[in-house]
């Protein structure tokens, strides 16, 4: 009889102690990135501006696409990234998913704190686009920013190395 009382007291004590313990912190993967989206977009656009490549690809666009892109830029300037993204997606329907449009989409998604989707859009832009020049540098810097925000340090470092590879030196002229 004494043994069973002891077992009951021990079980009750264990239950009380477990009820007093604090819940486990949320898993790191479930946490939202706390990276500043504005700083990330500034770094992305600066990476493109820094690249002085001898080779740049400048596509010709449908005027309707140009109008929608201008509307998207204007909305972004008014701090309305969600509306800018809507306009950009209309441009994508009209003119296709060009690397420039996909890159702009990635930058807008970062402003909306959609880090994973932004990384996917930047990767698509890089896969479909030029491997040199400003757009290439912006693609790779976007991957640096999104991977850093999502805790992928190795992926961010790999993308950081690719940013410099986007610069194409001019051939020597005599």
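Below are the figures for this structure:
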| item | result |
| --- | --- |
| Residue that is under 21 Å from residue 164 (Cβ atoms), modelled with pLDDT of 95 or more and touching a helix residue (DSSP H, G or I) at 6+ places or on another chain (Cβ under 6 Å), where the choices are 123, 140 | 140 |
| Sole exception among (1) modelled with pLDDT of 90 or more; (2) surrounded by 13 or more Cβ atoms within 10 Å (Cβ to Cβ); (3) in contact with a helix residue (DSSP H, G or I) (Cβ under 8 Å, 6 or more places away or on another chain) for residue 64, by number | (2) |
| Options 98, 146, 142, 164; residue that is under 20 Å from residue 49 (Cα atoms) and over 18 Å from the mean Cα position of the chain (by Cα) | 164 |
| Options 47, 149: the member that is under 15 Å from residue 35 (Cβ atoms), in contact (Cβ under 8 Å) with a residue 60 or more places away in the chain and surrounded by 22 or more Cβ atoms within 10 Å (Cβ to Cβ) | 149 |
| Search result, residues across the range 152-174 that are in a loop (DSSP other than H, G, I, E, B) and either within 16 Å of residue 45 (Cβ to Cβ) or modelled with pLDDT under 95 (or both) | 166, 167, 168, 169, 170, 171, 172, 173, 174 |
| Any hit, the range 84-104, residues being in contact with a helix residue (DSSP H, G or I) (Cβ under 8 Å, 6 or more places away or on another chain) and in a loop (DSSP other than H, G, I, E, B) | yes |
| Residue list for the range 100-123, filter: free of Cβ contacts under 8 Å to residues at least 60 places away in the same chain and more than 15 Å from residue 147 (Cβ to Cβ) | 100, 101, 102, 103, 104, 105, 108 |
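The values are calculated or read from the model by the stated rules, or taken from the named source; none is laboratory data. The shown structure was predicted, so the numbers you read here are calculated from the model rather than taken from an experiment. Ideal geometry is used to build each Cβ from the backbone, glycine not excepted, and the neighbour counts take in all protein chains shown.
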